[in-house]
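Novice: Take this structure, written in structure tokens, and hold onto it; I'll ask about it next.
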Amino acid sequence: MRVSTMIRIGASPDGGVIDRITDFGRQAEARGFPGIWIGDSLGRGRPTLDSLQVLTALAAVTSKVELGISVLQLPLRNPVELAHRVQSLQAMSGGRLILGVGSGSTRDDFELLGYDYDHRFRTFKNDLEIMNRVWNGEPVNGGTLATWPGCKGGPPILIGAWRSPRWITYAAKEAQGWTPSGRYSSLEDLEGGMKIYREMGGTNAVLANCSVDLRERPESAELAKLAAVNFICPPDEARRRIKRVAAMGFEEILIGSQFGAIDEIERVRDFLAA
């Protein structure tokens, strides 16, 4: 099982946000992590940065690591404009982009933009079809977006689904991977979802949003209670947990630290070989 990093950028009165992003990217690549991933949110009561812009900054200071989003909420964007932005990042990163996409799971994000939360699944499927047409140079809305050289067909797509058999099956049959959440999926969800995914022929299961805090700082206490898969625990317990995830059959796990503690992510990664 591969272990990749998730970058989490908290707001700081000291600024220096671009330096924090680029330093994390350089460290992740130097320490041999295969990928750097980021989440996507807008209206949840905390300041966030646009995920595609963060990955663009990371693309500028790295050359080998994959750059991924888990997961980009398609119904919150215009699909043609988003397809163009994704293609831009795919080109600027030299084809290193992995795009996790989902319907969105938080009503607040939709209400912020005045969008329809209750019909998000229908919108998601429609948007995904439109984006695929755009990336293949097909006409959309009476026009065509020219395909950048080397970007035809778009990046590999992973489907974000916590527990829906319908979307897990779609991930296995129509996409390049399935990405559930260590924060929002229960252990039963993960085990049941993996069974469906494998039975449907899926070969790339990527577990996202797994937090680490080996020092068990007070700020992590609530998350430790909520997240089904986390490494907010002593090192010996973290070793047991990472091996349990590997035993579930995941090809990759994405681990992040709200404190930017990449050394703790690296330590959990090394537990797999111990």
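No lab work stands behind these numbers, since they all come straight from the coordinates. Owing to the predicted nature of the structure, the values given are computational and were not obtained by experimental measurement. In this analysis, Cβ positions are derived from the backbone assuming ideal geometry, glycine residues included, and neighbour counts consider all displayed protein chains.
Novice: Could you work out [θ]222 nm for the chain from helices alone, using -39500 (n - 2.57) per DSSP H run of at least four and dividing by all its residues? Round to the nearest 500 deg cm²/dmol.
Specialist: Working: 10 runs with 115 residues, N = 274.
After summing the helix terms and dividing by the residues of the chain, the value is -13000 deg cm²/dmol.
Novice: Among 55, 145, 89, which one shows the highest mean-square fluctuation when the chain is modelled as a Gaussian network with alpha-carbon springs under 10 Å?
Specialist: Looking only at 55, 145, 89, the biggest GNM fluctuation is shown by 145.
Novice: In nm, give the distance between the simple-model label positions of residue 144 and residue 216, each being 7 Å from the Cα along the Cα-to-Cβ direction.
Specialist: For the pair residue 144/residue 216, the computed spacing is 6.1 nm.
Novice: Over 28 Å between C-alpha atoms is what I'm after, so list which of 152/243; 125/152; 64/195 land there. Numbers along the way, then the final one.
Specialist: Values: 152/243 38 Å; 125/152 20 Å; 64/195 32 Å.
Where the Cα-Cα span goes over 28 Å, the pairs concerned are 152/243; 64/195.
Novice: Among the GluC sites (Glu not before Pro) within the range 120-201, which fall in a DSSP loop and have no more than 10 other Cβ atoms within 10 Å of their own Cβ? Could you put the intermediate results ahead of the total?
Specialist: Working: sites: 129, 174, 188, 191, 199; in loops: none.
Here no loop site has a sparse enough neighbourhood.
Novice: Mind grabbing the base-10 log of I(q)/I(0) for the range 1-89 at q = 0.23 Å⁻¹? Debye formula, identical points on the C-alpha positions, no solvent, two decimal places.
Specialist: Calculated log10 I(q)/I(0) at the listed q: -1.23.
Novice: Considering the chain as a Gaussian network with a 10 Å cut-off on Cα pairs, which listed residue, 181, 51, 12, attains the greatest mean-square fluctuation?
Specialist: 12
Novice: Still on this structure, please answer the following. Only bridges whose two residues both fall in the chain count here: according to DSSP, what percent of them are antiparallel, nearest 5?
Specialist: Working: 1 of 29 bridges.
If I count the DSSP bridges inside the chain, around 5 percent turn out antiparallel.
Novice: Give me the Å³ per residue figure for the convex hull around the C-alpha atoms of the range 99-156. If you can, show how the numbers build up before the last one.
Specialist: Details: hull volume 5.9 nm³, N = 58.
Normalising the Cα hull of the range 99-156 by residue number yields 102 Å³.
Novice: Which angle between 0 and 90 degrees, to the nearest 10, do you get for helix 262-271 versus the longest principal axis of the chain when only C-alpha atoms count?
Specialist: Once rounded, the angle reads 70 degrees.
Novice: Still on this structure, I have one more. Who wins for biggest fluctuation among 223, 190, 74 in a Gaussian network model of the chain, springs between alpha carbons below 10 Å?
Specialist: Fluctuation is largest for 223.
Novice: Just going by the charge dipole of the chain, with Lys and Arg at +1 and Asp and Glu at -1 on Cβ, which of 230, 84, 168 is farthest out on the positive end?
Specialist: 168
Novice: Sticking with the crude label model, points 7 Å out along Cα→Cβ, report the distance from residue 63 to residue 195 in nm, one decimal please.
Specialist: 4.8 nm
Novice: Taking 10 °C and 1.306 mPa s as the conditions, I'd like the Stokes-Einstein D for the range 116-274 in µm²/s, using the Kirkwood hydrodynamic radius from alpha carbon pairs. Write out the running numbers ahead of the final one.
Specialist: Working: Rh = 17.5 Å.
It diffuses with D of about 91 µm²/s by this estimate.
Novice: How much length is gained if the chain between residue 111 and residue 164 is pulled fully straight, taking 0.36 nm per residue apart and subtracting their Cα-Cα distance, in nm to one decimal? Could the numbers behind the result be given before it?
Specialist: Details: separation 53, 0.36 × 53 = 19.08 nm, distance 2.31 nm.
Here the segment from residue 111 to residue 164 would lengthen by 16.8 nm.
Novice: I'm checking a number: the convex hull volume of the Cα atoms of the chain, normalised per residue, in Å³. What is it? It would help to have the intermediate numbers written out before the result.
Specialist: On the way: hull volume 35.8 nm³, N = 274.
In the chain, the Cα hull volume divided by residue count equals 131 Å³.
Novice: Another question, if that's okay. Using the alpha-carbon atoms, what tilt in degrees (0 to 90, nearest 10) does helix 79-92 show relative to the longest principal axis of the chain?
Specialist: 60 degrees
Novice: Related question: Treat each spin label as a single point 7 Å out from the Cα along the C-beta direction, and report the residue 247 to residue 129 distance in nm.
Specialist: Modelled inter-label distance: 4.3 nm.
Novice: Using Cα atoms only, what is the angle between the long axis of helix 165-174 and the major principal axis of the chain, expressed in degrees (0 to 90) to the nearest 10?
Specialist: 70 degrees
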